[in-house]
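Colleague: Have a look at this one.
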Amino acid sequence: MEYSESIFKALREQLVLDELQSQGINNQNVLDAMLKVPRQEFVPEQEKHLAYINTALPIGYAQTISQPFIVATMTQAANLDKDSKVLEIGTGSGYQAAILGSICKEVYSIEVVEPLAKQAIQILEKLGYNNIHIRVGDGYYGWKEKAPFDAVIVTAVISKVPEPLLLQLKIGGKLIIPIGEEYGDQELFAITKTNKGYKTTYLMPVKFVPFT
């Protein structure tokens with residue numbers, strides 16, 4: 001069954017206004033972005049009917065598009081606005097980048113899987129985003145020439161925090177990152193850079209694909 005744009009819009013509103021709000025997503029910038037971005041554009045054709053179920057979905061190459069609640073939680077924790085410059089590690093299909101691009105001034109995103117990066121660029125261009133910049137490469141070292149960032153969001157689990165990502169934060173900036181093992185416990189943290197060092201806040205247990 002093919003869904004019309006109006007059905008997708010109704011499903012999106014139901015997900016955001018009923019489910020996500022009841023789960024603690026209350027930042028208006030995040031809610032507006034989640035209502036705006038058509039998630040169905042970022043999932044494979046055979047998964048489009050599942051686009052507004054609050055779950056992760058496969059996008060090929062052993063990667064997933066994150067659960068909407070997790071995308072919203074990470075974005076809310078980053079505390080962003082229209083003047084923010086953000087680095088994303090792990091573009092995937094481009095959905096998280098689109099959410100960030102709907103809020104922020106500039107988004108820089110790195111994807112290690114070249115076909116996914118190319119696909120994300122096509123989707124984001126089609127949707128009219130001109131403030132999202134994607135490159136293919138290893139996200140561990142960040143995007144030094146575009147630093148410092150107001151936030152860095154990592155969309156894959158890693159066993160320890162990459163030092164280069166911390167160094168590329170502004171004072172007051174936040175690194176949102178899942179820490180743990182691929183088949184073990186994983187926990188999402190917000191690490192804030194201060195004048196005196198780093199302050200770490202635990203957010204929730206999570207399940208992400210491994211950082212590659």
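Just so it is clear, none of the values below were taken in a lab; they were calculated from the coordinates. Fair warning: this is a prediction, and the values are worked out from it, not measured in the lab. Ideal geometry is used to build each Cβ from the backbone, glycine not excepted, and the neighbour counts take in all protein chains shown.
Colleague: Being farther than 30 Å from Pro38 by Cβ, of a type in the set (Lys, Arg) and free of Cβ contacts under 8 Å to residues at least 12 places away in the same chain is true for just one of Lys193, Lys199, Lys170. Which residue is that?
Modeller: The conditions single out Lys199.
Colleague: I'd like to check something: does region 112-124 contain any residue that is within 21 Å of Phe42 (Cα to Cα) and outside any helix (DSSP H, G or I)?
Modeller: Checked region 112-124: at least one residue is within 21 Å of Phe42 (Cα to Cα) and outside any helix (DSSP H, G or I).
Colleague: Okay, moving on. For region 119-130, give me each residue that is out of contact with any Phe, Trp or Tyr (no Cβ under 7 Å at 6 or more places or on another chain) and either crowded, with 24+ Cβ neighbours inside 10 Å or not hydroxyl-bearing (Ser, Thr, Tyr) (or both).
Modeller: Residues of region 119-130 that are out of contact with any Phe, Trp or Tyr (no Cβ under 7 Å at 6 or more places or on another chain), as a first pass: 119-122, 124-130.
Within region 119-130, Gln119, Ala120, Ile121, Gln122, Leu124, Glu125, Lys126, Leu127, Gly128, Asn130 meet the criteria.
Colleague: While we're looking at this one, here's another question. Scan the helices (runs of 4 or more DSSP H) fully inside region 1-94 and keep the ones with 1 or more residues being crowded, with 21+ Cβ neighbours inside 10 Å and of a type in the set (S, T, N, Q). Don't jump to the end; show me each part of the working.
Modeller: Numbers: elements: 5-13, 28-36, 68-78.
Output list reads 68-78.
Colleague: Which residues, taken from region 169-186, are out of contact with any helix residue (DSSP H, G or I) (no Cβ under 8 Å at 6 or more places or on another chain) and more than 15 Å from Ser66 (Cα to Cα)? I'd like the intermediate steps shown before the answer.
Modeller: The initial filter retains those residues of region 169-186 that are out of contact with any helix residue (DSSP H, G or I) (no Cβ under 8 Å at 6 or more places or on another chain), namely 169-173, 178-186.
Leu169, Lys170, Ile171, Gly172, Gly173, Ile179, Gly180, Glu181, Glu182, Tyr183, Gly184, Asp185, listed by residue number.
Colleague: Now a separate question. Anything in region 149-175 that is surrounded by fewer than 24 Cβ atoms within 10 Å (Cβ to Cβ) and either within 15 Å of the chain's Cα centre (by Cα) or of a type in the set (D, E, K, R) (or both)? List them, or say none.
Modeller: Matches in region 149-175: Asp150, Ala156, Val157, Lys160, Glu163, Lys170.
Colleague: Of all residues in region 95-118, how many are buried (at least 21 other Cβ atoms within 10 Å of the Cβ) and of a type outside the set (A, V, I, L, M)?
Modeller: 8
Colleague: Between Glu125, Glu114, Glu106, Glu88, which is closer than 19 Å to Ile191 by Cβ and of a type outside the set (Lys, Arg)?
Modeller: Glu88
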